[in-house]
Amino acid sequence: MKKIILIICMLALTGCNGGKNLENRDFVMAVAVEEQENDIVLYTSVAKLSNKGEDTGTEEILYDGKGKDMEAAFADMNKKTAGDLYLGHTKALIIDNNFTKYPSLIDYIRNDVEIGRDVVVVRGDNVKEILVTRSDDMISAAYIYKYFEDKDKTDIDTLIDSYNYNRNINIPQAVLSKEKILFI
């Protein structure tokens with residue numbers, strides 16, 4: 001009888017059944033969003049992992065997706081990726097200066113429990129170029145996050161609160177100068 005109970009316990013405690021393996025995830029480091037005609041266009045910087053499954057910190061893979069709303073744009077992008085997009089490690093959100101579809105963005109972020117609330121939000125023109133620019137030999141996500149580490153920043157929570165309460169928000173402006181990201 002003890003053997004049967006032991007076997008049942010071993011089978012019941014086998015770990016994360018139904019969970020996703022790390023190898024099947026693409027870790028999104030930064031998201032850039034803009035509008036083209038009536039669609040939302042997303043660009044993501046995905047960490048390129050070493051053979052040991054660790055973030056190299058210096059290499060990234062870029063993906064894009066397009067759709068009528070955020071969910072459709074991410075679904076389009078997910079068709080092009082090696083694994084499932086995972087937003088839990090995202091460090092930066094770059095919003096185009098002409099972006100107007102905030103309801104879709106806010107609803108997606110609010111309903112996506114994987115995205116961290118301390119993601120730094122910046123705005124700018126040419127969001128794709130900002131996303132791929134390396135500053136101080138760092139990928140843009142790491143550079144943006146580090147730059148605002150000890151400064152006042154706009155994060156996801158601030159963005160959601162300002163939208164919910166119809167408050168004006170000061171999102172830092174990212175500009176490119178001599179192939180480096182600057183903030184004004």
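The values are calculated or read from the model by the stated rules, or taken from the named source; none is laboratory data. Everything quoted here is computed from the prediction, not taken from an experiment. Positions of Cβ are generated from backbone atoms using ideal geometry, with glycine treated the same way; all protein chains shown enter the neighbour counts.
Among what's in region 39-66 and is charged (D, E, K, R) and modelled with pLDDT under 95, pick the residue that is farthest from the chain's Cα centre (by Cα).
This residue is Lys52.
Scan region 97-121 residue by residue and report those that are out of contact with any strand residue (DSSP E or B) (no Cβ under 9 Å at 6 or more places or on another chain) and closer than 20 Å to Ile144 by Cα. None - no residue of region 97-121 is out of contact with any strand residue (DSSP E or B) (no Cβ under 9 Å at 6 or more places or on another chain) and closer than 20 Å to Ile144 by Cα, so the list stays empty. Selection within region 137-150: residues that are assigned to a loop (DSSP other than H, G, I, E, B) and in contact (Cβ under 8 Å) with a residue 24 or more places away in the chain. The member of this set that is surrounded by the fewest Cβ atoms within 10 Å (Cβ to Cβ) is Asp137. Look at region 69-87: where a residue is in contact (Cβ under 8 Å) with a residue 24 or more places away in the chain and a partner is basic (Lys, Arg) and surrounded by 15 or more Cβ atoms within 10 Å (Cβ to Cβ), sitting 6+ places away or on another chain with Cβ atoms under 7 Å, you get Gly83/Arg25; Asp84/Arg25; Tyr86/Arg25.
Among all residues of region 77-95, there is at least one that is among the charged types (D, E, K, R), buried (at least 17 other Cβ atoms within 10 Å of the Cβ) and in contact with a helix residue (DSSP H, G or I) (Cβ under 9 Å, 6 or more places away or on another chain). Candidates in region 174-184 are the residues that are of a type outside the set (Asp, Glu) and part of a loop (DSSP other than H, G, I, E, B); of these, the one that is nearest to Phe148 (Cα to Cα) is Ile184. For region 151-173, the candidate set comprises residues that are of a type in the set (Asp, Glu) and not in a loop (DSSP other than H, G, I, E, B); within that set, the residue that is nearest to Asn111 (Cα to Cα) is Asp157. Could you say whether any residue in region 90-105 is charged (D, E, K, R), outside any strand (DSSP E or B), within 10 Å of the chain's Cα centre (by Cα) and at pLDDT 95 or above? For region 90-105, residues charged (D, E, K, R), outside any strand (DSSP E or B), within 10 Å of the chain's Cα centre (by Cα) and at pLDDT 95 or above: present.
Inspect region 111-124 for any residue being assigned to a helix (DSSP H, G or I) and of a type in the set (A, V, I, L, M, F, W, C) and give the result as yes or no. Checked against the condition, which is being assigned to a helix (DSSP H, G or I) and of a type in the set (A, V, I, L, M, F, W, C), region 111-124 yields no hits at all. The set of residues from region 130-172 being touching a Ser or Thr at 6+ places or on another chain (Cβ under 6 Å) and of a type in the set (Gly, Ala, Ser) comprises Ser140, Ala141.
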